[in-house]
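The values are calculated or read from the model by the stated rules, or taken from the named source; none is laboratory data. Keep in mind it's a predicted model, so treat the numbers as computed, not measured. Cβ coordinates were reconstructed from backbone atoms using ideal geometry, including for glycine residues, and neighbour counts include every protein chain displayed. We work out accessible area using only protein heavy atoms, side chains counted, and drop any ligands, DNA or RNA first. Shrake-Rupley method; radii C 1.70, N 1.55, O 1.52, S 1.80 Å.
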Amino acid sequence: MKVYKHLILGATALGTSLALPVSVIAEQIQPLEEVVVVGSRAAPRSVADSPVPVDVFGADDLARAASLGGEMSQLLHSLVPSFNFPRQSNSDTADLVRPAQLRGLSPDHTLVLVNGKRRHTTAILNTGGSIGKGSAPVDLNAIPMSAIKRVEVLRDGAAAQYGSDAIAGVINIVLKDSSEGGQVSMTYGEYNTDFAPTNKKLTDGETVLISGNAGIELDDGFINVSGQYRDRNSTNRAGFDSWSPGQQVTHRAGDPEEEGYSLFANWGKSIAGDKELYGYIGSSEREATGVNFLRYDYESDAVVSSIYPNGFLPVNVGVATDQSFVIGITGGSDWAWDISLNYGASQFELDVENSNNASMGAASPTEFDIGEYDYSQLLLNADVVKSFTLSDTPVSLALGIQYRQEDFESHAGSPASYIDGGVPSTDVGSQGIVGLSPADEADEDRDAYSVYADAEFELSERFIVGTAARYEDYSDFGDTFNSKLTARYELTDNLALRGAASTGFRAPSLIQNSYKSSRSDFSAGPGLTTVALVPVDDALARAAGSKDLEAEKSKNFSVGLSGDWDNGVSLTVDFYRVDIKDRITLSDRVAVADPSIDEIEFFTNSTDTRTDGVDVVIGYGWNEFDFTLAYNESDTDITNNGTSNLEVINSMTSANPESKWIFTTNWQRNGWSTMARVTRYGETQRNFDFGWAQPEQTYSGNTTVDIDVEYDFSNGLRVSLGANNLFDEYPEESSSDINYGGNLPYDVIPPVGMGGRYIYARTTYNF
């Protein structure tokens, strides 16, 4: 199988992690279709030996996934049935750093690794998005596609092995490690769609993606360098505004304008006999321009008429910067050891343009510095692994310790973004997003220490059992102990029964403990409500009954079958249950008497949930064809009465597609290769709470077709044409209760998105 391969990523403890340097791995493993080592403390195993479900996608799979402009999250959405990536719009920071989900859980329930090392999260919270609201996700799009050798997606709870956040699973991005050759690639794409709400044919979202990769040979080592540049124009899928005279499009809805670069260098070098230095360094910067909701000319408390006689549409401008650095040394033969240092940092600067502070009257500026958010993470890991025989039983043992230090800071914006200028107005501060004041600034840090042990026992040729345990101690909320048990039993030479049970946790993020921001949100009519997210120790939150946050606690169970037959058929079926106690969610909104905000919300541990689901992957290889049918169905229920917030309940339980089918065909012959994919999304539901009304709508499922056709000229040059959503499928239109006066005819909830057909051409040269 070239699209779905399965590996043993989750049967061992990494402590984030004792992944061997990729140059060493390259010498030890067989081709990817047969054996994978990264993420495992046990000896290399064939893909059929996995005790937990994991998908692996190589660089070719990613390049030919018919995705939208090289976004990693969109690629995984196209390839993994249990991965959901809604394309947010009018959602403040979620327009710029978009969250994604695995198995219908929160974006921060999935741990992301790069070369087996924990990746840092972003410095901002998703405050306005409909999916994963309140999470601080990892920005997958900060990693250049050209740097990626493969992506491994573990679909199983693994906090006992990897630590906090690995409740839904783990995504491990393995960087390229070649010491020679490389490639350059250029892709151009655009939306070409018929937009029914305005009866117009639209061409927008023009995207240029330029990338390159090169391997450089060193004495006993390598450096592999990759870069990517992307420039994307915005899209607009707004409808006619029924609150304005005439047939006018006054709003914007869709993808933001975006421009940015990312650079990565991965390296390894043998030193002093059996030792090796390894590491990588990465840097990225991306500026994106999203939009807020129109301020109408008759909204006198929000609009300075002398500046904007016809109202205005605030524009949010965010600049996201990421830096990462890993250096390690490994060696030993009897006891293989690994010591590493891992540093990552995220910075987010936020501005608002085309806006005003109504309380300043005609003296108000139109551009505002909203503030800056900074997050950094430092990890030290020391790990050892040994294989031996105990009473004729082969055993693989891994032990490790880790120290993690985190810092989060926020810095005030320009005074005009938050001050009361003295002109009578109920709206104080910049429209769109109110700036951070000096009183809102945060400067928090914490330490965490952890130790783990992992062992795997081959009790017989057919029966393998693994166990892991991990203890962590956090300076801000206390300690936690978690464990995991895995087993795999071969029923026949071709069919095996596998299962896993584990406990897990997710520590409240440092950002959730101290983040403060405000946003504009829906209300019952043309007017908008200003909602502020405040820390739990804020005076307004304490008055509303907030409590200090505790860690989420989970229990994961899975059982399934895996089969691999000589006739080219492979099969995995895995049933799973994830129980999460004290889940961190947003509270109900509370009205407050404050000149710059209408309502507040804060985080709380009040909710317990249960998620049940099934993953199925069927593969068949026949002559020049590969076929894969993948399916996920999941259902999340709230198991206590912890929240009455309808929008939070909707986000956790029914906003995700109830099911997802992906059927993929790959064909290769005489230089030609074709990928065709049919995806079927199940129903989704939207709930709003306007106070006096709670509109809801269930959106029916959608089916999309993606295609990629490529020709290899055998001289290193390859040319490709493709389309995402070839037949221009759109979700069901929103009802008049939800479509905001016709301005937002399509919701962001349905996973098919609101963009329509996207077409592209790609040229690649390998050298």
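Please enumerate the residues belonging to segment 470-490 that are open to solvent by 30 Å² or more (accessible area, probe 1.4 Å) and in contact (Cβ under 8 Å) with a residue 60 or more places away in the chain.
Answer for segment 470-490, where residues must be open to solvent by 30 Å² or more (accessible area, probe 1.4 Å) and in contact (Cβ under 8 Å) with a residue 60 or more places away in the chain: F477, S483, A487.
To keep it simple, each residue is scored yes or no on (1) in a strand (DSSP E or B); (2) modelled with pLDDT of 95 or more; (3) touching a helix residue (DSSP H, G or I) at 6+ places or on another chain (Cβ under 6 Å).
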{"residue": "S283", "(1), (2), (3)": "yes, yes, no"}
{"residue": "F293", "(1), (2), (3)": "no, no, no"}
{"residue": "V304", "(1), (2), (3)": "no, yes, yes"}
{"residue": "I329", "(1), (2), (3)": "yes, yes, no"}
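Kindly indicate the residue of segment 239-255 that is among the small types (G, A, S) and under 33 Å from the mean Cα position of the chain (by Cα) and also farthest from D204 (Cα to Cα) among those meeting that condition.
G239
Taking segment 119-138 as the search range and keeping residues that are open to solvent by 10 Å² or more (accessible area, probe 1.4 Å) and modelled with pLDDT of 90 or more, which one is farthest from the chain's Cα centre (by Cα)?
Step by step, filter segment 119-138, then rank; the result is R119.
Every residue in segment 491-514 that is open to solvent by 10 Å² or more (accessible area, probe 1.4 Å), part of a loop (DSSP other than H, G, I, E, B) and of a type outside the set (S, T, Y), please.
If the condition is that a residue be open to solvent by 10 Å² or more (accessible area, probe 1.4 Å), part of a loop (DSSP other than H, G, I, E, B) and of a type outside the set (S, T, Y), then L491, D493, N494 are the ones that fit.
Quick check on segment 417-456: of everything there that is open to solvent by 60 Å² or more (accessible area, probe 1.4 Å) and of a type in the set (D, E), which residue is farthest from T486 (Cα to Cα)?
Applying the filter and picking the extreme gives D420.
Okay, residues lined up against (1) among the small types (G, A, S); (2) touching a residue at least 12 places away in the same chain (Cβ under 8 Å); (3) surrounded by fewer than 17 Cβ atoms within 10 Å (Cβ to Cβ):
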residue: S340; (1), (2), (3): yes, yes, no
residue: A358; (1), (2), (3): yes, yes, no
residue: D392; (1), (2), (3): no, no, yes
residue: L397; (1), (2), (3): no, yes, no
residue: G400; (1), (2), (3): yes, yes, no
residue: R404; (1), (2), (3): no, yes, no
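Run D548 past the list (1) open to solvent by 40 Å² or more (accessible area, probe 1.4 Å); (2) at pLDDT 95 or above; (3) touching a helix residue (DSSP H, G or I) at 6+ places or on another chain (Cβ under 9 Å) and report the number of the one that doesn't hold.
Of (1) open to solvent by 40 Å² or more (accessible area, probe 1.4 Å); (2) at pLDDT 95 or above; (3) touching a helix residue (DSSP H, G or I) at 6+ places or on another chain (Cβ under 9 Å), only one is false for D548: (2).
Looking at segment 653-660, is at least one residue assigned to a strand (DSSP E or B) and within 23 Å of the chain's Cα centre (by Cα)?
yes
Hey, among the residues in segment 671-701 that are of a type outside the set (A, V, I, L, M, F, W, C), modelled with pLDDT under 95 and surrounded by fewer than 15 Cβ atoms within 10 Å (Cβ to Cβ), which one's farthest from E601 (Cα to Cα)?
G671
List, please: which pairs have Cβ atoms under 7 Å, are six or more places apart or on different chains, and start with a residue in segment 639-659 that is closer than 17 Å to R589 by Cα and end with one that is in a loop (DSSP other than H, G, I, E, B) and of a type in the set (A, V, I, L, M, F, W, C)?
Note: pairs meeting the criteria are E647/F688; S651/I131.
Just for strands (runs of 3 or more DSSP E) wholly inside segment 198-275: which have at least 1 residues that are touching a Phe, Trp or Tyr at 6+ places or on another chain (Cβ under 6 Å) and of a type in the set (A, V, I, L, M)?
Fully inside segment 198-275 and qualifying: 200-218, 221-232.
Check segment 267-275 and report whether any residue there is modelled with pLDDT under 95, open to solvent by less than 20 Å² (accessible area, probe 1.4 Å) and at negative phi.
no
Just to verify a result, which residue in segment 360-386, among those that are part of a strand (DSSP E or B) and of a type in the set (S, T, N, Q), is surrounded by the fewest Cβ atoms within 10 Å (Cβ to Cβ)?
In this case the residue turns out to be S376.
Going by what's in this entry, would G39 be described as at pLDDT below 85, within 30 Å of L495 (Cα to Cα) and either outside any strand (DSSP E or B) or of a type in the set (F, W, Y) (or both)?
yes
Does segment 199-217 contain any residue that is of a type in the set (D, E, K, R) and modelled with pLDDT under 95?
Checked segment 199-217: no residue is of a type in the set (D, E, K, R) and modelled with pLDDT under 95.
Between E206, E180, E190, which is surrounded by fewer than 17 Cβ atoms within 10 Å (Cβ to Cβ) and within 25 Å of the chain's Cα centre (by Cα)?
E206
Write out, first by first residue and then by second, each pair whose Cβ atoms fall under 6 Å of each other, whose residues are 6+ apart or on separate chains, and whose first residue, in segment 225-241, is at positive phi while the second is assigned to a strand (DSSP E or B) and surrounded by fewer than 24 Cβ atoms within 10 Å (Cβ to Cβ).
Listed by first residue and then by second, the contacts come to nothing, as the list is empty.
Which residues, counting only those in segment 329-353, are of a type outside the set (V, I, T) and more than 28 Å from E409 (Cβ to Cβ)?
Correct list: G331, G332, S333, D334, W335, A336, W337, D338.
Give the residue that is farthest from the chain's Cα centre (by Cα), with candidates limited to residues of segment 573-596 that are aliphatic (A, V, I, L, M) and open to solvent by 40 Å² or more (accessible area, probe 1.4 Å).
The residue in question is A593.
Taking the residues in segment 248-266 that are touching a residue at least 40 places away in the same chain (Cβ under 8 Å) and open to solvent by 50 Å² or more (accessible area, probe 1.4 Å) as candidates, determine which candidate is farthest from Y746 (Cα to Cα).
Filtering first and then ranking leaves L263.
Given the conditions (1) open to solvent by 10 Å² or more (accessible area, probe 1.4 Å); (2) closer than 30 Å to F625 by Cα, and given that G560 satisfies all but one, which numbered condition is not satisfied?
Unmet condition: (1).
Please pick out the residue among N743, N739 that is more than 29 Å from N213 (Cα to Cα) and touching a His at 6+ places or on another chain (Cβ under 6 Å).
The unique qualifying residue is N743.
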